[in-house]
Every structure is written in structure tokens, then in C-alpha cells.
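S.K.: Here you go, one structure.
The values are calculated or read from the model by the stated rules, or taken from the named source; none is laboratory data. A quick note: this is a predicted structure, and the numbers were derived from the prediction, not measured. Heads up, the Cβs are rebuilt from the backbone with ideal geometry, glycines too, and the neighbour counts pull from every protein chain shown.
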Amino acid sequence: MSPTPLTALSPLDGRYHGKVDALRDIFSEFGLIKRRVQVELAWLKALSGCASIAEVPVFSSESTAQLDQILAEFNETQAEAVKTIEATTNHDVKAVEYFLKETIKDNPELNAVGEFVHFGCTSEDINNLAHALMIRDGHRIMIEHYEAIRDALAGLAKEHAEQPMLSRTHGQAATPTTLGKELANVVMRLNRQLAAASDIRPLGKMNGAVGNYNAHRVAYPDVDWPGLSEQFVTGLGIEWNSYTTQIEPHDYLAAYFDAIARLNQVLVDFSRDIWSYIALGYFKQRMVEGEVGSSTMPHKVNPIDFENAEGNFGLANALLNHLSQKLPVSRWQRDLTDSTVLRNMGVALGYSQLALVSLSRGIGKLEVAPEPIARDLESAWEVLGEAVQTVMRRYGVPEPYEKLKALTRGQRLEADTLKSFILSLDIPDDAKERLMSLTPDTYLGYAADLAKKTTP
């Protein structure tokens, strides 16, 4: 049975294939092969530009254009040709080398330096740079989706900055806040994690079998190989790592996957909270024509987008956490466990992408329902006990906490009961007036102001 959206084992390539298409050119097998080709071609041009390597003269403009064209026109047909070669070599990077030698053989100038394709390279020289390019390119796509979620929430935070809302700590009624302020909290968390993810720079190396340029120095002792390596790696837009074994140690990859996992976890937290607020009736969901909520209960509008987001973020983080723990660990100078798991980074980011799509759709359906929010506040006068006992402390009233505890703990408090208590207090009149004017929907501190200051 051939793989199709119906027969694919992964739902990313099956049920949800259309929602992760933007990542396929980067994190697929094709994307990896294409970037291996990119690195190999760039290395050959770098050797040509080194005056001390006389055997690889400066390429003519025609030959340089041909090398550029190979990359620009690289498509699935060429990638299949590489895979055909791999079927014989049983080595994916060597297959790229043989493919390029075959591709340039009709150009006498390039054919003459064919053996300098992959010169001095171990496979990991090519792979680590290909993976770095994948992360760099993929980050641009991923970050746009996180930023879109952040921006949508920032807009809602400002729109609902003054909407009073009952807070809950430990699931119980707590000091009131505003809906906008609660959304602003999420926005600021995302800002910090977005900055952390974007501050991580891909690292790369081009230094041979165990990181010492052994063969390079024997072949060309007069070449400054560390200098050429740095120039080459940074020329790809990647930061140079000068100290490695055979593999670039992947610490930056671990940090990056951890950063994405933290972004995802912030949004898991948000998804669960919104799910709960929908259950409380604080939000309605705009209905989509033709959509079914339950197969047997026709009245239902289920919060499926937030549930899908939570589930897919969880799948993503399971992989991301494994990647971040596994990748920095290798036996001696290298083993293949890193290569094995790195093939799944697109899966991890694909589930993140899928979750972001669901979450964006869910946020777009939300409508605030002020009436249930107001009812909850009106039934929770006991939350003003915090304010009353704090003012009592200011004016030296004995045992303020204990007195409010006796009045409010574990029971509903009527407005008249609380006001009678306030009037009985031995505190200044202006303090009494300030407390008497409080209601659950006005006891908000700086919540509205903080929400209005929310910045993406």
C-alpha cells in the first residue's frame, strides 16, 4: 500500500497534511537533501576562492552560474535521483556527493575538480550545517504563527481591558481581575519566550573527521583551515563553532527545542484556561455553518479547537523534550543516535504548527459573554474581605485577618452583611467610605491599566 493522506501512518501526512505544508520544503527528507546540496556547492565555491588551493582555480562566471543553478532548480526529481544513488551506497551524504559529480561532469572546468566535491569533509560537516539551515529557515515560519497568536491575544487584552472578571485560585473565588489583564499575562509570557527562542543562534562547523582538520592540514599545510572554516560557516549565515568532535555538539539545538517547548507549554496553559472559561459561560463560540458539535446532542458547540491545540502541543513537547535531552549526548567523538532522532525535528515542529493552527481558529471564534461574568462577580462579595482586612491592618484594628476569616471563609457573603461589618469598624470615615464604595466588579486595582499597556 503506497502512502497517501489516507494510508499515511502519521496524521501530519494524513488527516492534517494540508495544515503543515509550509514546513515540508524545510523539514522533509527533500528539505534535508536540498540543504546538503547547498552546503556541498558552497564548500566547492569556497575552495575555489582560496588562492592556496591551486588545484581548484577560481571558477569562471559561467561555472559559478551553473553551480548556483543546480541549487536554484533543485526539485523532487533531483532528490529522487539522490535517493536512487543512496539505494546503492547505503549512505545518504555520499549519495549527494555522487549526484553532484554526475551533475557537473559535462562542464569541463567543474569536472576537472570533481574530486574536490566533499573535499576534507566528514558527513557531519555537511549534516550539521544542513540542519542549522533548516532550523534557521523553519524558525521564520514557526515564529510567525506564535507571533500571530500573541498579537491576537494582545488585541483582545486591550479590547477587554476593563471587563471585570472573578479570578480563581485553587479553583475557588479569589480577588477580581479583568479579562484583559488575564490575557495580557499570556501575551507577556509569550513575549519573553519568543525573545528567548529568537536569541538562539544556529551553530555550525566544517572541520573534518574529529574536529581537528587532520586531513586538511596534511593535504594543504599552508592553508589557514580554521580561518577558511569560519569564513565559510559564517558566510552561510550560521555562527561558527570552533571546538567540536566529529559532530557539532547540538547544545544550541537543545536550547532551541526547549524554547519552543516552553512556548508550547504557555499555550497549553492558556488553552486549558479558555476551555474552562467556555465551560463557565464566560465565552461563547461563533458557530460555523454546517459544523457538528456532538453526533447525538445537537445543541452542543464543543471547544474542540482548544482541545486539539492542547493535545498536539503535548505530542510536540514529548518529541521536543526528547530531542533536547538526547542531542547533547554522544558516545566519545560521535555515534548515530543524534542523526536518528534529528530526522524527527520536523515532526515535533509539525505538531506545534498543527496546534497553532487549531488555537488560532479557536481564538477567532471567541465572543465574550458579559452576563455570566457579571453574575459570578455579584455572587462573590466575600472576595472583598481581602480589601477590608488590609485596611483594618493599616489602622491597627486587632486581629483583622481572623475577623474576616470568621465572617467569610467557606461561605457566601451578602453585600448588606459585609457593609454592616465595615460600618462597625473603628477606622477613619474616609476609609469606611472607600470600603463601602467597593463592589466585586470595581475592586480591580491596576488591572485595566496593565491590560491597556500590553505590547506585542
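S.K.: Quick check on my filter: what residues within region 68-84 are of a type outside the set (A, V, I, L, M) and either surrounded by 15 or more Cβ atoms within 10 Å (Cβ to Cβ) or in a helix (DSSP H, G or I) (or both)?
M.R.: Within region 68-84, D68, Q69, F74, E76, T77, Q78, E80, K83, T84 qualify.
S.K.: Being over 28 Å from V357 (Cβ atoms) and in contact with a strand residue (DSSP E or B) (Cβ under 6 Å, 6 or more places away or on another chain) is true for just one of V223, V233, V218, V210. Which residue is that?
M.R.: One residue alone meets the criteria, V233.
S.K.: Here's a follow-up. If you go through region 312-340, how many residues are among the aromatic types (F, W, Y) and either surrounded by fewer than 17 Cβ atoms within 10 Å (Cβ to Cβ) or under 25 Å from T122 (Cβ atoms) (or both)?
M.R.: So the count comes out to 1.
S.K.: Step by step: first the residues of region 46-65, then only those that are surrounded by 18 or more Cβ atoms within 10 Å (Cβ to Cβ) and under 38 Å from the mean Cα position of the chain (by Cα), then the one that is nearest to L236 (Cα to Cα). Which residue is that?
M.R.: A46
S.K.: Further, regarding this structure: Can you tell me how many residues in region 1-18 are out of contact with any Asp or Glu (no Cβ under 8 Å at 6 or more places or on another chain), surrounded by 11 or more Cβ atoms within 10 Å (Cβ to Cβ) and more than 13 Å from L354 (Cα to Cα)? Reasoning before the result, please.
M.R.: To start, the set of residues in region 1-18 that are out of contact with any Asp or Glu (no Cβ under 8 Å at 6 or more places or on another chain) comprises 1-2, 4, 6-18.
Within this subset, residues satisfying the condition of being surrounded by 11 or more Cβ atoms within 10 Å (Cβ to Cβ) are 8, 10-17.
When the remaining residues are screened for being more than 13 Å from L354 (Cα to Cα), the result is 8.
Total meeting the criteria: 1.
S.K.: Among the residues of region 334-342, is any closer than 30 Å to I26 by Cβ, of a type in the set (A, V, I, L, M, F, W, C), in the same structural domain as T245 (by TED's automatic domain parsing) and in contact with a helix residue (DSSP H, G or I) (Cβ under 7 Å, 6 or more places away or on another chain)?
M.R.: yes
S.K.: Out of the residues in region 354-387 that are outside any strand (DSSP E or B), charged (D, E, K, R) and out of contact with any Asp or Glu (no Cβ under 6 Å at 6 or more places or on another chain), state the one that is surrounded by the fewest Cβ atoms within 10 Å (Cβ to Cβ). Steps first, please.
M.R.: Within region 354-387, the subset outside any strand (DSSP E or B) is 354-365, 369-387.
Going one step further and asking which of them are charged (D, E, K, R), we end up with 361, 365, 371, 375-376, 378, 382, 386.
With out of contact with any Asp or Glu (no Cβ under 6 Å at 6 or more places or on another chain) added as a condition, the list becomes 365, 371, 375-376, 378, 382, 386.
On the way: K365: 17, E371: 9, R375: 12, D376: 20, E378: 13, E382: 20, E386: 16.
Among them, the one singled out is E371.
S.K.: Right, here's the next one. Looking at region 226-245, which of the residues that are in contact with a helix residue (DSSP H, G or I) (Cβ under 6 Å, 6 or more places away or on another chain) and crowded, with 21+ Cβ neighbours inside 10 Å is nearest to D338 (Cα to Cα)?
M.R.: Only one residue tops the list, namely I238.
S.K.: Looking at G350, G410, G445, which is the one that is under 29 Å from R272 (Cβ atoms), surrounded by 20 or more Cβ atoms within 10 Å (Cβ to Cβ) and either under 41 Å from the mean Cα position of the chain (by Cα) or not assigned by TED's automatic domain parsing to the domain that holds H145 (or both)?
M.R.: G350
S.K.: May I ask you to list the residues in region 161-195 that are surrounded by fewer than 16 Cβ atoms within 10 Å (Cβ to Cβ), aliphatic (A, V, I, L, M) and either assigned to a loop (DSSP other than H, G, I, E, B) or in contact with a helix residue (DSSP H, G or I) (Cβ under 7 Å, 6 or more places away or on another chain) (or both)?
M.R.: Correct list: A174 only.
S.K.: Which residues, counting only those in region 85-110, are out of contact with any Gly (no Cβ under 8 Å at 6 or more places or on another chain) and loosely packed, with under 12 Cβ neighbours inside 10 Å?
M.R.: Matches in region 85-110: A87, T88, N90, D106, P108.
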